[in-house]
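Have a look at the structure below before the remarks.
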Amino acid sequence: MEDNAAAPEGIDRRAELSEFLRTRRARLQPQDVGLTAYGRQRRVPGLRREELAQLAGVSVAYYTRLEQGNGRNVSAEVLDSIARALRLSSAEHAHLTHLAKPTAHKKRRSAPAQQLRPAVQQLLDAMDAVPAYVGGRRSDILGWNRMATAVFGDWGALPREERNWARLVFLDPATRELFADTWDQKASDMVSFLRMDAGCYPNDPRLSALVGELSVKSETFRRLWAAHDVREKGHGVKRLRHPLVGELTLSYETLRLADDSEQFLVTYHAEPGTPSAESLRLLASWTADAPVPRDDRVS
């Protein structure tokens, strides 16, 4: 991997907590939360610390310590109050809790290894008309089926460390062209996913190295990373510009695996009777006899 010298040794949890709270506070105006804004000039964007403390029912000194990264003794009840005051989403609330109250597993230097169960790969292979893959921490791609290869490209031909959505989105021109119409949203989703991961495993050296590499090589990544936005991957619609069949409009669904909530199955499908459905059928017929590269790696 290039530019390793620029990759951080770890992600500073206290700095992350401080910046996350500051950026969430900055996006709210007094009128958004029922407060009266006195005076025309405000030195800081968004709510002041004292306004946020008032809304959360805590002292200004207490909230200031928390925003400075000192969440060591903060209670779940106080975090709930601050989350409500900041109008955090469920994903943002979870991220705040991870940052403020790290649990024992976050103290390990590296996140535990992930490996796709053979039965899950068999399930992927059985879904022969549906592009599907399993992702894991750091946006790693752990397994996929033939239709995923037909739609997204031959991940099996990549070195193991490059089978990663964030690297593909920010560094691979073919992936950027594929998501031409929705690349901005895809890029934002990837950064949000990595932010959630960093909250859970701030000491993971592979995650730190990935963030460092992308920060060096992509100005867009640096800008999105500095925004501290987080959200869960769920469902939606993606428009793709496929090199063989042209425009594809596909709906996706994300399902967490029961025995490892940090692995998720993502499926894509087209609305029946649409040109996209016919294009998927054509791709399926063209790739029906193509072998699917096996991936027995441990991430």
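Derived scalar couplings between HN and Hα for the range 147-159 equal 5, 5, 4, 5, 8, 9, x, 8, 5, x, 7, 8, x Hz in order, rounded to whole Hz, by the Karplus curve 6.51 cos²θ - 1.76 cosθ + 1.60 (θ = phi - 60°), x for Gly and Pro. Taking amide hydrogens as placed 1.01 Å from N in the peptide plane, the amide H of G143 sits under 5 Å from those of V134, each at least 5 positions away in sequence or on another chain. What number comes out for the charge environment of D181, summing +1 per Lys or Arg and -1 per Asp or Glu over other residues with Cβ under 9 Å away? Here the charged neighbours net out to +2.
Exposed loop sites, defined as GluC sites (Glu not before Pro) outside DSSP H, G, I, E and B with at most 13 other Cβ atoms within 10 Å, are absent from the longest region of the chain, namely 10-299. Amide H to amide H distances under 5 Å link Q263 with L257, where only residues 5 or more positions off or on other chains count and H is placed in the peptide plane. The average projected area of the chain, computed from the convex hull of its Cα atoms over all directions, is 17.8 nm².
With springs connecting C-alpha atoms under 10 Å apart, model the chain as a Gaussian network and identify which of L194, L47, L282 has the largest mean-square fluctuation. Sorting by GNM fluctuation, first place goes to L282. Distant-in-sequence amide contacts of G69, defined by a placed amide H-H separation under 5 Å and a gap of 5 or more residues or a different chain, comprise S18. Which one, T274, T23, T97, has the greatest fluctuation when you compute a Gaussian network model over the chain with C-alpha springs under 10 angstrom? The residue with the greatest mean-square fluctuation here is T274.
Show log10 I(q)/I(0) for the range 7-102 at q = 0.12, 0.21 Å⁻¹, two decimals, from a solvent-free Debye sum over equal Cα scatterers. After summing over all Cα pairs, the log10 values are -0.37, -1.04.
Computed over the range 7-102, relative contact order equals 34 percent, with contacts defined as Cα pairs under 8 Å that lie 6+ residues apart.
The HN-Hα couplings worked out from phi for the range 235-246 by the Karplus form 6.51 cos²θ - 1.76 cosθ + 1.60 (θ = phi - 60°) are 8, x, 10, 10, 9, 10, 10, 7, x, 9, 10, x Hz, whole numbers, x standing for Gly and Pro.
Among S276, S285, S208, which one shows the biggest mean-square fluctuation in a GNM of the chain, springs joining Cα atoms closer than 10 Å? Comparing S276, S285, S208 in a Gaussian network model of the chain, the most mobile one is S285.
Within straight-line reach of K101, meaning a Cα separation under 18 Å, sit the following aspartates and glutamates at least 8 residues removed in sequence or on another chain: D12, E16, E19, E67, E77, D80, E92, D197, D204.
Where a number appears in this text, it was derived from the coordinates with a stated rule and is not lab data. The structure presented is a predicted model; accordingly, all values stated were derived computationally and were not measured. Ideal geometry is used to build each Cβ from the backbone, glycine not excepted, and the neighbour counts take in all protein chains shown.
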